[in-house]
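Novice: Got a structure for you, questions after.
The values are calculated or read from the model by the stated rules, or taken from the named source; none is laboratory data. Just so it is clear, the model here is predicted, and its values are computed rather than measured. Backbone-built Cβ (ideal geometry, glycine too); neighbour counts: all protein chains shown. Note: areas computed on protein heavy atoms with side chains; ligands, DNA, RNA excluded. Shrake-Rupley method; radii C 1.70, N 1.55, O 1.52, S 1.80 Å.
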Amino acid sequence: GSTLFETNGCPSPLPFAPTQSTQNQNANAGGNTSFTFNLSRPEGHQYLSQVKTTLPPGLVGLIPSTPLCGEEQANAGTCPAASQVGAAAALAGSGPTPFLFTGGTVYLTGPYNGAPYGLSIVVPAVAGPFSLGNVVTRATISVDPYTSRVTVTSVLPTIFKGIPLRLRGVTVAINKQGYLINPTNCGTFATESTVSGFTPGSSAVATQNLSSP
C-alpha cells in the first residue's frame, strides 16, 4: 500500500524580502566620514545573487588619495594594504545560528567590467579549524555624469570550491579615514538598492527595491 503525506513550510515560489540598513559615522555636512552598508536575507527566502546600490548624492570618495589595486591582484585577492578602503563580513548558513565570517577587507581597484573603478572584497572562509581560503567578490563603481551619484554593483558568490554559500547577510564598511566626504547639503538623503534573488533550479529572478536614510 501507499501512505499519503503532506509537505509544509515550503512555499512556491519562495519569498524574497531582504532588508538593508546604513550607518554614517559623521553627520556634519562636508565632513570626513565612514559609511557602513548592511544587507540581510531572512531564513527560507530566496538566495542573494546581485546587489546594485546607489549612494546618497554628494557622498563621495577621494579617489586620488588611494593607490588603485591592479586587476590581477584584485582577482586574486592579494591587493596591497595601501589600496584598502574598508572592511567586510558575511553571515552564512541555515537555521537559527548562521556563522559570521569576519576579517574581510575591501580594496579600491582600477577599471572593472566597463566601470571606471571597482572594488575587490576579500572575506576569509574560515570557521574554527576549517579554512577554504579567501572568497573574492568583485564590484563595479560607476559615477552618474549628471548627478555625480556613485553606484556600486556586485554579483554575490553562491558557491565556493563546490560548497554552496547560503548568504544570510553582508556588511561592507568604507572606513578609511579621510577617504569619504559627506554631502555639503544637510537634507535627508537615501541609499537606494536593487537586490536580486534566485532559487536553485528555477529560472525565475526576484528583485526588491530597498531604501534607507
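Novice: Inside segment 106-126, can you point out the residues that are of a type in the set (Ser, Thr, Tyr) and either open to solvent by less than 20 Å² (accessible area, probe 1.4 Å) or closer than 17 Å to Leu180 by Cβ (or both)?
Specialist: Hits for segment 106-126 are Tyr107, Thr109, Tyr117, Ser120.
Novice: All but one of (1) of a type outside the set (A, V, I, L, M); (2) assigned to a loop (DSSP other than H, G, I, E, B); (3) more than 20 Å from Glu192 (Cα to Cα); (4) touching a Pro at 6+ places or on another chain (Cβ under 7 Å) hold for Cys79, so report the exception by its number.
Specialist: For Cys79, the exception is condition (4).
Novice: Suppose we keep only residues that are part of a strand (DSSP E or B) and open to solvent by 30 Å² or more (accessible area, probe 1.4 Å) within segment 39-53. Which one would you say is nearest to Pro200 (Cα to Cα)?
Specialist: Tyr47
Novice: I would also like to ask the following. Could you list all residues from segment 54-74 that are charged (D, E, K, R) and either without any contact (Cβ under 8 Å) to a residue 24 or more places away in the chain or assigned to a loop (DSSP other than H, G, I, E, B) (or both)?
Specialist: Correct list: Glu72 only.
Novice: Also: Only one of Val136, Val143, Val122 is in contact with a helix residue (DSSP H, G or I) (Cβ under 8 Å, 6 or more places away or on another chain) and touching a residue at least 12 places away in the same chain (Cβ under 8 Å); which?
Specialist: The unique qualifying residue is Val136.
Novice: Among the numbered criteria (1) under 13 Å from the mean Cα position of the chain (by Cα); (2) surrounded by 17 or more Cβ atoms within 10 Å (Cβ to Cβ); (3) at pLDDT 95 or above, which single criterion is violated by Thr194?
Specialist: In the conditions (1) under 13 Å from the mean Cα position of the chain (by Cα); (2) surrounded by 17 or more Cβ atoms within 10 Å (Cβ to Cβ); (3) at pLDDT 95 or above, Thr194 misses (2) alone.
Novice: Right, here's the next one. Can you spot a residue in segment 82-103 that is touching a helix residue (DSSP H, G or I) at 6+ places or on another chain (Cβ under 9 Å), part of a loop (DSSP other than H, G, I, E, B), surrounded by 14 or more Cβ atoms within 10 Å (Cβ to Cβ) and modelled with pLDDT of 95 or more?
Specialist: No, segment 82-103 contains no residue that is touching a helix residue (DSSP H, G or I) at 6+ places or on another chain (Cβ under 9 Å), part of a loop (DSSP other than H, G, I, E, B), surrounded by 14 or more Cβ atoms within 10 Å (Cβ to Cβ) and modelled with pLDDT of 95 or more.
Novice: Any residue in segment 183-190 that is under 19 Å from the mean Cα position of the chain (by Cα) and modelled with pLDDT under 95?
Specialist: Yes, that holds for at least one residue.
Novice: Between a residue in segment 34-48 that is farther than 21 Å from Pro164 by Cα and any residue that is open to solvent by less than 40 Å² (accessible area, probe 1.4 Å) and among the hydrophobic types (A, V, I, L, M, F, W, C), which pairs come within a Cβ distance under 7 Å, given they are 6 or more apart or on different chains?
Specialist: Within 7 Å, the pairs are Ser34/Ala173; Ser34/Ile174; Ser34/Leu180; Phe35/Leu59; Phe35/Ile174; Phe35/Leu180; Thr36/Ala173; Phe37/Val172.
Novice: Identify, please: which residue in segment 137-182 is of a type in the set (D, E, K, R) and more than 21 Å from Gly30 (Cβ to Cβ) and is, among those, farthest from the chain's Cα centre (by Cα)? Even if it seems obvious, please write down each step before you answer.
Specialist: So the first thing to find is which residues in segment 137-182 are of a type in the set (D, E, K, R), and the list is 138, 144, 149, 161, 166, 168, 176.
Cutting the leftovers down to more than 21 Å from Gly30 (Cβ to Cβ) gives us 138, 161, 166, 168.
Working: Arg138: 10, Lys161: 20, Arg166: 14, Arg168: 12 Å.
In this case the residue turns out to be Lys161.
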